[in-house]
Each structure stands twice: as structure tokens, then as C-alpha cells.
Amino acid sequence: EAGVTQFPSHSVIEKGQTVTLRCDPISGHDNLYWYRRVMGKEIKFLLHFVKESKQDESGMPNNRFLAERTGGTYSTLKVQPAELEDSGVYFCASSQDLGLAGGPLNEQFFGPGTRLTVL
Amino acid sequence: AQSVTQLDSQVPVFEEAPVELRCNYSSSVSVYLFWYVQYPNQGLQLLLKYLSGSTLVKGINGFEAEFNKSQTSFHLRKPSVHISDTAEYFCAVMSHRKIIFGKGTRLHILP
């Protein structure tokens, strides 16, 4: 079974440009999460989709970031316009939905990440 | 709010020696704790998790961790490390389905 995949693996863009990151979750996983790690900091939660709906977007840093999950399959995270402080590694994760009773049993499986460098 | 503190950003250890990576958490509610590992050029992989029950949790690759409620700690241990354990290790806690990570500890294995 294929794991979580992310594309591209690396992206180098200039300040002010737009970048779109893609995440393909494990097939059948309704939950999809985005996290990022900026240089020297901890990995931080960005948002959580349940199917195509945003369940929690409390971690999105500002309105330059737009996440979508049309059709409840893959997700994209667009940064427009990119700023220097957006550089970092963006991780995607997915999990099954065991419902509220599942709680922490909804193990999140992570992708390899996309390394974004904004110059 | 829940938080995780990893006291050591880097830990050098000789091959075949034991290692302990420290982690402390703060939480006012039920705690679900995790250790993830990121090998070079790879994604995050779950090493082990504590949900409830026995405070000693065994994970993959010979790692184990002990949940200590009184000390709010969840230290990771391995009795004998190998070169292949070179990686960055993240302690984490789950809060409302999102994972809160520590800053990570880089484990350097010395020959």
C-alpha cells in the first residue's frame, strides 16, 4: 500500500512568487493534516481536513496560505505571495477516521515533506 | 495549552552505548504521547506511543519509553545504539487530533 506522497520534494522560489504544494493521502483516509517546520523551530500544525471540509485551520499563519481538498482526495497548499519566512519543510499526514471514540488511535501517517526555500 | 519540551537539541553517543533522549510535557488533561523519528531524507515515522495502561512502552528498532506522570516525562531509551539510529527524534503529544511536537533531538552516533 502506498504511503502519503508529497510533490514536489523541493521547491526554490523568489519572494513574491506563488507556490503550490500537493499531498496525496493514503487511500481511504478521510483525515488530512498539514504541518510545517521552519528553520530551527518545532514542527507546527497548520490545518486539518475531514474529507473536503476544513475541520481546524487554527494553525494557518496568515491569509497568504490557502489549502484546498476538492473531492476529499488529494490536497493542495498554496502560498501567495511567498515571503522569506515561509521557508521550511511542509509535511502532510493522513489518518483513518475511527470517530471520536478512536481519539489518539487515529494514527497519523506522514509524508516525506516538501522543502520550500524562498529567496 | 499542551506543550512538549525536548531538553537536548543534539546528543552524541558512541556506537553500542546506551542512549536516553529526554522529553517533558505539560498537560492538564489525559495525555497521549508519541515519539517520531525522521531518518535522513525521509518523512516522519512513528516510533512508539503511549495511550494508557503500562507506563513502559516498547517501539520499533529496539527503542522504549517510560511514561512518568509525576515527573511529566516521557524519555526515550535504547540500550545499545547503531549507526543506523542516526536521525532526528521528536517527542509529541496529541491535542484535539492535532499533534504538538517538541523541537527535536538529533542523535549522532560516533564510531
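Remarks
- The protein assembly as shown - charge dipole about Cα centre, Lys and Arg +1 at Cβ, Asp and Glu -1, debye rounded to 20: 340
- If you model the range A:1-83 as an ellipsoid using its alpha carbon gyration tensor, with each semi-axis the square root of five times an eigenvalue, the axes come out at 21, 15, 13 Å, biggest first.
- Taking a straight Cα-Cα cut-off under 27 Å and skipping sequence neighbours fewer than 8 places away in the same chain, the lysines within cross-link reach of residue A:78 are A:15, A:41, A:44, A:51, A:54, B:98, B:103.
- Using θ = phi - 60° in the Karplus curve 6.51 cos²θ - 1.76 cosθ + 1.60, the 3J(HN,Hα) couplings for the range B:11-24 round to 9, x, 8, 6, 4, 6, 8, x, 9, 10, 9, 8, 8, 10 Hz; x is entered for Gly and Pro.
- Shielding score for B:77-87, defined as the mean number of other chain Cβ atoms within 10 Å: 0
- For chain A, DSSP calls about 90 percent of its internal beta bridges antiparallel.
- Of the trypsin sites (Lys or Arg not before Pro) found in the range B:19-83, the ones in coil according to DSSP and having at most 12 other Cβ atoms within 10 Å of their Cβ are B:69.
- Convex hull volume per residue in cubic angstrom - Cα atoms of chain B: 95
- Around the amide H of residue B:47, modelled in the peptide plane, lie the amide H atoms of B:35, B:36, B:37, all under 5 Å away and 5 or more residues distant in sequence or on another chain.
- For B:11-20, mean number of other protein chain Cβ atoms within 10 Å: 0
- Accessible area that becomes buried as A packs against B, both chains, 1.4 Å probe, Å², nearest 100: 1800
- Candidate residues B:100, B:109: accessible-area rank, largest first, probe 1.4 Å: B:100, B:109
- Distances between placed amide hydrogens fall under 5 Å for residue A:17 paired with A:82, all partners being 5 or more residues away or on another chain.
- Values of log10 I(q)/I(0), in the order q = 0.13 Å⁻¹, for the protein assembly as shown under a Debye, Cα-only, solvent-free model: -0.78
- Among the GluC sites (Glu not before Pro) in the range B:1-104, those located in a DSSP loop and surrounded by at most 15 other Cβ atoms within 10 Å of their own Cβ are B:15, B:16.
- The accessible-area ordering, largest first, of the residues A:115, A:36 stands as A:115, A:36, per a 1.4 angstrom probe.
- Derived scalar couplings between HN and Hα for the range A:49-59 equal 9, 10, 6, 8, 9, 7, 7, 7, 10, 5, x Hz in order, rounded to whole Hz, by the Karplus curve 6.51 cos²θ - 1.76 cosθ + 1.60 (θ = phi - 60°), x for Gly and Pro.
- The residues A:89, A:79, sorted by heavy-atom accessible surface at 1.4 Å with ligands and nucleic acids left out, run A:89, A:79 from largest to smallest.
- Long-range HN-HN contacts of residue A:55 with modeled amide H, under 5 Å: A:48, A:49, A:50
- Table column - 3J(HN,Hα) (Hz), the range B:86-101, Karplus curve with 6.51, -1.76, 1.60, x for Gly and Pro: 4, 5, 10, 10, 10, 8, 8, 10, 9, 9, 6, 6, 10, 9, 10, 9
The values are calculated or read from the model by the stated rules, or taken from the named source; none is laboratory data. Keep in mind it's a predicted model, so treat the numbers as computed, not measured. Neighbour counts are summed over all protein chains in view; Cβ atoms, including those assigned to glycine, are modelled from backbone coordinates with ideal geometry. Each accessible area value is taken on the protein alone, full model and side chains, heavy atoms only, with ligands, DNA and RNA left out. Shrake-Rupley method; radii C 1.70, N 1.55, O 1.52, S 1.80 Å.
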